[in-house]
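The values are calculated or read from the model by the stated rules, or taken from the named source; none is laboratory data. It should be emphasised that the depicted structure is a prediction, and the values quoted were computed from it without experimental measurement. So basically every Cβ, Gly included, is an ideal-geometry build from the backbone, and we count neighbours across all protein chains shown. Note: accessible area is taken over every heavy atom of the protein model, side chains too, but ligands, DNA and RNA are not part of it. Shrake-Rupley method; radii C 1.70, N 1.55, O 1.52, S 1.80 Å.
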Amino acid sequence: MIANPVFADKFTTIFEVMSRLAIEHEAINLGQGFPEGMEPPFLVEALVRATRSGPHQYPPMLGLPELRQAVAAHDKRFYGLDIDWRTEVLVTSGATEALADCLFGLITPGDEVILIEPFYDSYLPILRRAGGVPKIVRLQPPEWSLPAEELTKAFTAKTKLMILNSPMNPTGKVFRRDELALIAGLAIKHDVAAICDEVYEHLVYDGLAHIPLMTLPGMRERCIRIGSAGKSFSVTGWKVGYAIAAPSLLGPVTRVHQFLTFATPPNLQMAVAEGMAAGDAYFADLIADLTRRRDFLAKALTEAGLPPLPCHGSYFLTSDVGTDDDAFCRELTIKPGVASIPVSAFYAENPPRRYARFCFAKRDETLKEAAARLRLTARGPMR
Ligand SMILES: Cc1ncc(COP(=O)(O)O)c(C=O)c1O
């Protein structure tokens, strides 16, 4: 068999396994992390208009000027960042492509890259395929606190990059300013760049604010800030993302992009440009809507004896399910029929095996049905 060893042992992902099991058992699927029925009509209309009017040929490699300008204006508006849209914004086919562009473009084999565990599943295989050496620092549940000493020790003379995901999948953690300051201090001290996966930048609840690492003193030139229209506008299938960085960092990333996807469909880019400029009410409503869904599911999980850990961002609640998250998630999918994802899937090795992730960005009817089914399985408050 011809296969690179990094991918040879990558069997079907747990997301696929749980989704298939959910279909087989007609379970409510709270496993996959996509929003249901939340696509803003104004964005869909913008796409229809852009599709009718064209053009339909290869757009500029960096992205349409309209979208790059909109991304720069967005970052000024929300974070006070002065971004030059001509040289500091790259449009990609989803944040996943931007992440791969960064890893392939910035790593030389043997370079060390710090990852914070649990992490989004594409980081590790791409990092390994790029020849990077992962240095993993694990957050401590149930608070998902950042262990300062371990993080400090993880930086060595070989460290080139770190990946920071805030707001974070699967934990729902939003990194605080003091944690970001610790990371920034270490990055500056060791001359390390940060890939900032901020796809959930607009999904932050409880009056908290998302703070891009790029906005901390000394970090403007060291960070690549990655966003996704999929999350900000509830259109994950569109796969439109962007990367923002100083020209010296964005250059190598762009060179990978030109050989990997080269460009992203122009009509999607045009519609997303309109989304980026949406009024404050759009972003406030998104937060209010998701807060309501989060609270509904949190109550249902609590009543079922699966009280969730604190969650201030993203689409996800995690609950302590006691033991063997994998078996628990399979059982819950089969009976009473609610699919979730074992959090152990977000670890490289020796994971904690007691947390399950539930996506709350679902239709009200879906959440109500999930709540009714979870009630059937009430496991007692101490479970
Ligand atoms: C942390 C994180 N990064 C990146 C992505 C992928 O974003 P996109 O669909 O824009 O590639 C996801 C999607 O679930 C995610 O959770």
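Just a yes or no: is a residue in region 101-115 within 15 Å of the ligand (Cβ to nearest atom), touching a helix residue (DSSP H, G or I) at 6+ places or on another chain (Cβ under 7 Å) and over 25 Å from Ala8 (Cα atoms)? Within region 101-115, none of the residues are within 15 Å of the ligand (Cβ to nearest atom), touching a helix residue (DSSP H, G or I) at 6+ places or on another chain (Cβ under 7 Å) and over 25 Å from Ala8 (Cα atoms).
Name the single residue that is farthest from Ile334 (Cα to Cα) among those in region 356-376 being outside any helix (DSSP H, G or I) and open to solvent by less than 20 Å² (accessible area, probe 1.4 Å). This residue is Ala361.
Here Ala271 fits the description: open to solvent by less than 10 Å² (accessible area, probe 1.4 Å), within 16 Å of the ligand (Cβ to nearest atom) and more than 23 Å from Ser166 (Cβ to Cβ).
Restricting attention to region 220-231, does a residue exist that is free of Cβ contacts under 8 Å to residues at least 24 places away in the same chain, farther than 21 Å from Trp85 by Cα and of a type outside the set (A, V, I, L, M, F, W, C)? Break it down stepwise before answering.
Filtering region 220-231 for residues free of Cβ contacts under 8 Å to residues at least 24 places away in the same chain gives none.
Within region 220-231 (the criterion being free of Cβ contacts under 8 Å to residues at least 24 places away in the same chain, farther than 21 Å from Trp85 by Cα and of a type outside the set (A, V, I, L, M, F, W, C)), the answer is no, since none of the residues qualifies.
Of the residues making up region 85-94, at least one is at pLDDT 95 or above, assigned to a helix (DSSP H, G or I), in contact with a strand residue (DSSP E or B) (Cβ under 7 Å, 6 or more places away or on another chain) and over 11 Å from Met276 (Cβ atoms). The set of residues from region 149-168 being within 16 Å of the ligand (Cβ to nearest atom) and either open to solvent by 20 Å² or more (accessible area, probe 1.4 Å) or out of contact with any strand residue (DSSP E or B) (no Cβ under 6 Å at 6 or more places or on another chain) (or both) comprises Ser166, Met168.
Tell me, yes or no, whether region 89-99 has at least one residue that is more than 12 Å from the ligand (Cβ to nearest atom), within 25 Å of Ala263 (Cα to Cα) and among the hydrophobic types (A, V, I, L, M, F, W, C).
Yes, that holds for at least one residue.
Once region 311-323 is narrowed to residues that are surrounded by fewer than 23 Cβ atoms within 10 Å (Cβ to Cβ) and at pLDDT 95 or above, the residue that is nearest to the chain's Cα centre (by Cα) is His312.
With the requirement that a residue be of a type outside the set (Phe, Trp, Tyr) and open to solvent by 80 Å² or more (accessible area, probe 1.4 Å), what does region 35-68 give you? Within region 35-68, Glu39, Pro41, Glu45, Arg49, Arg52, Ser53, Pro55, His56, Gln57, Glu66 qualify.
For region 139-148, indicate whether the set of residues that are open to solvent by less than 20 Å² (accessible area, probe 1.4 Å), among the charged types (D, E, K, R) and part of a loop (DSSP other than H, G, I, E, B) is non-empty. Checked against the condition, which is being open to solvent by less than 20 Å² (accessible area, probe 1.4 Å), among the charged types (D, E, K, R) and part of a loop (DSSP other than H, G, I, E, B), region 139-148 yields no hits at all.
Can you confirm whether Leu180 is free of Cβ contacts under 8 Å to residues at least 60 places away in the same chain, within 20 Å of Leu151 (Cα to Cα), within 16 Å of the ligand (Cβ to nearest atom) and open to solvent by less than 10 Å² (accessible area, probe 1.4 Å)? Step through it out loud before you land on a result.
Values: free of Cβ contacts under 8 Å to residues at least 60 places away in the same chain: yes; within 20 Å of Leu151 (Cα to Cα): yes; within 16 Å of the ligand (Cβ to nearest atom): no; open to solvent by less than 10 Å² (accessible area, probe 1.4 Å): yes.
For Leu180, the condition - free of Cβ contacts under 8 Å to residues at least 60 places away in the same chain, within 20 Å of Leu151 (Cα to Cα), within 16 Å of the ligand (Cβ to nearest atom) and open to solvent by less than 10 Å² (accessible area, probe 1.4 Å) - is not met.
The conditions of being outside any helix (DSSP H, G or I) and of a type in the set (Lys, Arg) are not met by Lys153. Note on region 285-298: residues that are of a type outside the set (A, V, I, L, M) and either free of Cβ contacts under 8 Å to residues at least 24 places away in the same chain or buried (at least 24 other Cβ atoms within 10 Å of the Cβ) (or both) total 4.
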